[in-house]
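*Asks:* Once you've had a glance at the structure underneath, I'll fire off some questions.
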Amino acid sequence: MMSLNSSIFLQNKAGISSSSSPFSGRQRGSAPSVPSSLRVVAVNSNRDRNGSVLMESTLKDVKDGAASVIDVDSKSTVAPGGAHDVYGEDAATEEQVVTPWFVSVASGYSLLRDPHHNKGLAFSEKREDVQVKKLMHIIRQYQVPLQKYMAMMDLQERNEKLFYKLLIDNVEEMLPIVYTPTVGEACQKYGSIFSRPQGLYISLKEKGSIHEVLRNWPEKNIQVIVVTDGERILGLGDLGCQGMGIPVGKLALYTALGGVRPSACLPVTIDVGTNNENLLNDEFYIGLRQRRATGQEYAELMHEFMSAVKQTYGEKVLVQFEDFANHNAFDLLAKYSATHLVFNDDIQGTASVVLAGLVAALKVVGGTLADHRFLFLGAGEAGTGIAELIALEMSKQTNMPVEEARKKIWLVDSKGLIVSSRRESLQHFKKPWAHEHEPIKTLLDAVNDIKPTVLIGTSGVGRTFTKEVVEAMASFNEKPIILSLSNPTSQSECTAEEAYTWSQGRAIFASGSPFAPVEYEGKTFVPGQANNAYIFPGFGLGVIMSGAIRVHDDMLLAAAEALAAQVTQENFEKGLIYPPFKNIRQISADIAAKVAAKAYELGLATRLPPPKDLVKYAESCMYSPAYRSYR
Ligand SMILES: O=C([O-])CC(=O)C(=O)O
Ligand SMILES: [Mg+2]
């Protein structure tokens with residue numbers, strides 16, 4: 001095995017490949033130490049900007065990214081969004097003058113090639129808006145969503161600020177490109193469309209050296225890691241290390257929707273192999289060609305990763321688990337939630353967004369949570385995660401024990417209704433839902449028997465809410481609530497059009513992936529997008545800005561309530577149970593404030609004293625992609 005240091009190659013949000021990954025042949029040889037000529041430049045640059053010579057002993061700090069060029073805490077109103085912003089740029093207000101530099105001052109050719117600082121043709125004047133317009137014009141000319149995705153990824157590599165400006169200013173149009181559904185297709189074809197590595201790959205071959213691999217990453221002050229092992233990418237199954245598109249996409253939303261600065265975000269894919277035969281036989285597959293490691297081998301690698309993360313980035317780095325298969329997802333969350341700041345987006349983020357939609361929907365259909373009956377198709381991470389959060393909220397509202405609240409919630413899995421006679425053979429996360437009932441095999445029979453008011457699809461299997469199922473829901477509910485949450489669009493349990501048509505326009509419908517508005521009998525229905533993208537960016541911001549050290553369920557409830565409160569009468573009239581994404585940064589600030597307030601209340605926040613106005617504070621922390629003036 002070649003040395004780890006020799007495998008480093010830095011590019012912006014750089015892909016760094018680890019020694020065993022297929023990219024490792026690209027740049028061998030030199031260790032990643034800073035050439036001495038650059039060190040001299042670093043000294044000079046600091047003499048120029050600060051008027052005094054940097055002490056020799058601080059050179060290493062500069063190189064390691066530990067030295068702060070701008071003392072943000074004391075000189076800027078911008079708080080933790082940039083408090084550890086080594087180069088001061090992300091944290092600077094739009095009016096502040098900053099020096100664009102990494103180890104050396106970037107200028108001329110190197111400045112143009114550095115995506116973090118590049119402004120394209122806008123170096124002489126502030127022409128960012130024109131560039132956004134031009135890029136949108138180009139992207140709209142592509143007919144194929146995957147081409148748009150590739151153009152966006154290319155832009156992210158070339159000009160980071162422009163990428164985020166474009167995404168923020170056109171969020172409703174661009175979300176389906178950089179996120180579900182297109183990101184799903186991108187992951188499936190990742191090997192073929194691959195041009196530059198994004199994120200950090202850690203494979204089984206790095207066992208024993210994960211700490212060193214993490215240290216290869218160019219940014220040192222990481223606040224959020226999104227990590228996957230690629231075993232359950234959306235509803236598409238095992239995509240091995242081609243799942244990297246998901247952490248990259250999720251973190252793009254952390255920045256665009258939640259204002260966490262890009263340099264604080266680290267996408268990670270753990271490569272333990274894949275059981276996907278097509279990928280194993282695909283000549284363009286980019287990961288380890290072996291079947292998945294499991295059991296102790298898997299657990300040890302993950303444990304080393306979790307320990308290395310804490311060792312490298314400290315207690316307060318948020319680790320978001322994403323798209324792990326059920327068994328690992330539940331085990332990892334249970335194992336690390338007491339010792340690390342961890343959050344599972346598929347279990348907890350999805351739960352929070354769905355609870356928010358239900359709380360909002362009750363304003364239309366009436367009743368409290370406890371007055372309703374819930375039936376799920378799918379009893380994995382999302383299904384049981386949502387069910388548990390609903391039960392928790394119901395129990396808080398009514399003072400009934402959570403065990404009682406659970407009895408109003410039924411789950412169907414691939415073997416039928418989950419009932420007590422199946423208890424022995426059930427996976428542990430399904431056991432709390434095994435209620436007393438006759439066995440029922442099919443969803444349709446379960447719907448007709450349980451007569452739910454709310455039907456939620458989390459099965460990862462498309463088109464399972466058939467005409468008969470939706471018609472049955474509409475036969476005993478004036479306004480049936482139907483949520484088709486599986487992603488991407490191909491896996492959605494039914495389409496928006498089917499839900500509205502088969503319920504004669506009475507369904508309150510939302511889906512995980514976006515659907516266009518539907519005309520039914522002269523009325524336009526706008527389906528909401530029940531996707532955790534509403535929650536995790538603001539949730540993460542709230543955690544970071546309060547310095548929270550653990551995630552607590554009450555913080556998820558707080559996020560859900562904050563989101564539900566954003567749905568207006570105007571939204572309801574269109575059939576929406578979520579606010580439009582175009583206001584998402586404001587919504588995220590609000591969610592962040594509520595999550596932070598809860599963290600303070602629970603004694604989990606370490607940034608003291610608490611800011612007086614948490615919403616304003618959240619806003620002040622948010623990264624803005626506007627070009628800065630370079631001197
Ligand atoms: O990524 C999404 O769109 C939502 C999600 O977490 C999943 O489906 O796994
Ligand atoms: Mg997910």
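The values are calculated or read from the model by the stated rules, or taken from the named source; none is laboratory data. Everything numeric here is computed off the predicted structure, so don't read it as measured data. Methodologically, a virtual Cβ is constructed for each residue, glycine included, from the backbone with ideal geometry; neighbour enumeration extends over all protein chains shown.
*Asks:* Any residue at all in segment 354-363 that is within 15 Å of ligand 2 (Cβ to nearest atom), β-branched (V, I, T) and closer than 27 Å to F305 by Cβ? Write out each step before concluding.
*Replies:* Step one: of segment 354-363, the residues within 15 Å of ligand 2 (Cβ to nearest atom) are 354.
Those still in the list that are β-branched (V, I, T) too: 354.
Subset that is closer than 27 Å to F305 by Cβ: none.
Checked segment 354-363: no residue is within 15 Å of ligand 2 (Cβ to nearest atom), β-branched (V, I, T) and closer than 27 Å to F305 by Cβ.
*Asks:* Among the residues of segment 540-555, are any within 16 Å of ligand 1 (Cβ to nearest atom) and farther than 24 Å from K363 by Cα?
*Replies:* We begin by selecting, within segment 540-555, every residue within 16 Å of ligand 1 (Cβ to nearest atom); these are 540.
The next check asks that each one be farther than 24 Å from K363 by Cα; those that pass are 540.
Yes; the residues of segment 540-555 include at least one that is within 16 Å of ligand 1 (Cβ to nearest atom) and farther than 24 Å from K363 by Cα.
*Asks:* Would you check if L288 is of a type in the set (A, V, I, L, M) and assigned to a loop (DSSP other than H, G, I, E, B)?
*Replies:* yes
*Asks:* May I ask you to say which residue of A370, A382, A434 is among the aliphatic types (A, V, I, L, M) and under 21 Å from I535 (Cβ atoms)?
*Replies:* A382
*Asks:* A further question on this structure: Scan P452, P537, P527 and give me the residue that is closer than 29 Å to G237 by Cβ, surrounded by 17 or more Cβ atoms within 10 Å (Cβ to Cβ) and within 16 Å of ligand 2 (Cβ to nearest atom).
*Replies:* Values: P452 fails: within 16 Å of ligand 2 (Cβ to nearest atom); P527 fails: within 16 Å of ligand 2 (Cβ to nearest atom).
Sole residue among the options that is closer than 29 Å to G237 by Cβ, surrounded by 17 or more Cβ atoms within 10 Å (Cβ to Cβ) and within 16 Å of ligand 2 (Cβ to nearest atom): P537.
*Asks:* Does K250 satisfy the criteria of being assigned by TED's automatic domain parsing to the domain that holds S307, surrounded by 24 or more Cβ atoms within 10 Å (Cβ to Cβ), among the basic types (K, R) and touching a residue at least 60 places away in the same chain (Cβ under 8 Å)?
*Replies:* So K250 passes the test.
*Asks:* In segment 341-369, what residues are within 16 Å of ligand 1 (Cβ to nearest atom), over 20 Å from A405 (Cα atoms), out of contact with any Lys or Arg (no Cβ under 9 Å at 6 or more places or on another chain) and part of a helix (DSSP H, G or I)?
*Replies:* Just the residues of segment 341-369 that are within 16 Å of ligand 1 (Cβ to nearest atom), to begin with: 342-357.
So of that shortlist, the ones also over 20 Å from A405 (Cα atoms) come out as 342-346, 349.
Remaining after also requiring out of contact with any Lys or Arg (no Cβ under 9 Å at 6 or more places or on another chain): 343-344, 349.
Correct list: G349 only.
*Asks:* Of the conditions (1) closer than 17 Å to Y179 by Cα; (2) over 13 Å from the mean Cα position of the chain (by Cα), I210 clears all except one; give me its number.
*Replies:* Result: I210 passes all but (1).
*Asks:* Name the residues in segment 287-334 that are within 16 Å of ligand 2 (Cβ to nearest atom) and among the polar types (S, T, N, Q), would you?
*Replies:* Q320, N326, N328
*Asks:* Which condition number in (1) among the charged types (D, E, K, R); (2) under 28 Å from the mean Cα position of the chain (by Cα); (3) assigned to a helix (DSSP H, G or I) is the one that R463 fails?
*Replies:* In the conditions (1) among the charged types (D, E, K, R); (2) under 28 Å from the mean Cα position of the chain (by Cα); (3) assigned to a helix (DSSP H, G or I), R463 misses (3) alone.
*Asks:* A further question follows. Considering only residues that are away from ligand 2 (no atom under 16 Å from the Cβ), part of a loop (DSSP other than H, G, I, E, B) and closer than 28 Å to N583 by Cα, which ones fall in segment 160-213?
*Replies:* Hit for segment 160-213 is N170, nothing else.
*Asks:* Okay, next question. I need a count of the residues in segment 181-209 that are hydrophobic (A, V, I, L, M, F, W, C), farther than 28 Å from Q491 by Cα and buried (at least 24 other Cβ atoms within 10 Å of the Cβ).
*Replies:* So the count comes out to 2.
*Asks:* Which of (1) away from ligand 1 (no atom under 16 Å from the Cβ); (2) on the phi > 0 side of the Ramachandran plot is the odd one out, the single condition G378 does not satisfy?
*Replies:* (1)
*Asks:* Picking from E471, E478, which residue would you name as being touching a helix residue (DSSP H, G or I) at 6+ places or on another chain (Cβ under 9 Å) and surrounded by fewer than 13 Cβ atoms within 10 Å (Cβ to Cβ)? Let's see the steps before the verdict.
*Replies:* Values: E471 fails: surrounded by fewer than 13 Cβ atoms within 10 Å (Cβ to Cβ).
Going through E471, E478 in turn, the sole match is E478.
*Asks:* I've got another one for you. Taking segment 291-333 on its own, how many of its residues are outside any helix (DSSP H, G or I) and surrounded by 15 or more Cβ atoms within 10 Å (Cβ to Cβ)?
*Replies:* In the first step, residues of segment 291-333 are kept if they are outside any helix (DSSP H, G or I); the result is 291-294, 314-325.
Right, trim to surrounded by 15 or more Cβ atoms within 10 Å (Cβ to Cβ) and you get 292-293, 316-325.
The number of residues fulfilling the criteria is 12.
*Asks:* Now, a different point. Kindly establish whether A548 is buried (at least 24 other Cβ atoms within 10 Å of the Cβ), farther than 23 Å from L251 by Cβ, among the aliphatic types (A, V, I, L, M) and in contact (Cβ under 8 Å) with a residue 24 or more places away in the chain. Outline the logic, then answer.
*Replies:* On the way: buried (at least 24 other Cβ atoms within 10 Å of the Cβ): yes; farther than 23 Å from L251 by Cβ: no; among the aliphatic types (A, V, I, L, M): yes; in contact (Cβ under 8 Å) with a residue 24 or more places away in the chain: yes.
No, not satisfied.
*Asks:* Condition first: more than 16 Å from ligand 2 (Cβ to nearest atom) and not hydroxyl-bearing (S, T, Y). Now tell me which residues in segment 335-353 satisfy that.
*Replies:* Once the filter is applied, which keeps residues that are more than 16 Å from ligand 2 (Cβ to nearest atom) and not hydroxyl-bearing (S, T, Y), segment 335-353 yields K335, A338, H340, L341.
*Asks:* Please identify the pairs in which a residue from segment 275-288 that is assigned by TED's automatic domain parsing to the domain that holds L204 has its Cβ atom under 9 Å from the Cβ atom of a residue that is aromatic (F, W, Y) and not in a helix (DSSP H, G or I), counting only partners at least 6 apart or on another chain.
*Replies:* From residues that are assigned by TED's automatic domain parsing to the domain that holds L204, the pairs are N276/Y285; N278/Y285; L279/Y285; F284/F194; I286/F23; I286/F194; I286/Y201; G287/Y201.
*Asks:* Same structure again: What's the total number of residues in segment 328-339 that are touching a helix residue (DSSP H, G or I) at 6+ places or on another chain (Cβ under 6 Å), touching a residue at least 40 places away in the same chain (Cβ under 8 Å) and more than 11 Å from ligand 1 (Cβ to nearest atom)? Can you show your working first?
*Replies:* Narrowing segment 328-339 to residues touching a helix residue (DSSP H, G or I) at 6+ places or on another chain (Cβ under 6 Å): 329-330, 336.
Next cut, touching a residue at least 40 places away in the same chain (Cβ under 8 Å) only: 329-330.
Next, from what is left, pick out any that are more than 11 Å from ligand 1 (Cβ to nearest atom): 330.
Final tally of qualifying residues: 1.
*Asks:* Of all residues being assigned to a loop (DSSP other than H, G, I, E, B) and within 16 Å of ligand 1 (Cβ to nearest atom) in segment 495-526, which is nearest to I450 (Cα to Cα)? Just the residue, please.
*Replies:* Kept after step one, since they are assigned to a loop (DSSP other than H, G, I, E, B), are these residues of segment 495-526: 495, 503-507, 512-517, 521-522, 526.
Still in the list and also within 16 Å of ligand 1 (Cβ to nearest atom): 512-515.
Working: G512: 24, S513: 27, P514: 29, F515: 28 Å.
The selected residue is G512.
*Asks:* Considering only segment 610-628, state which residues are surrounded by 16 or more Cβ atoms within 10 Å (Cβ to Cβ), over 21 Å from the mean Cα position of the chain (by Cα) and not in a loop (DSSP other than H, G, I, E, B).
*Replies:* Passing the criteria: L614, V615, Y617, S620.
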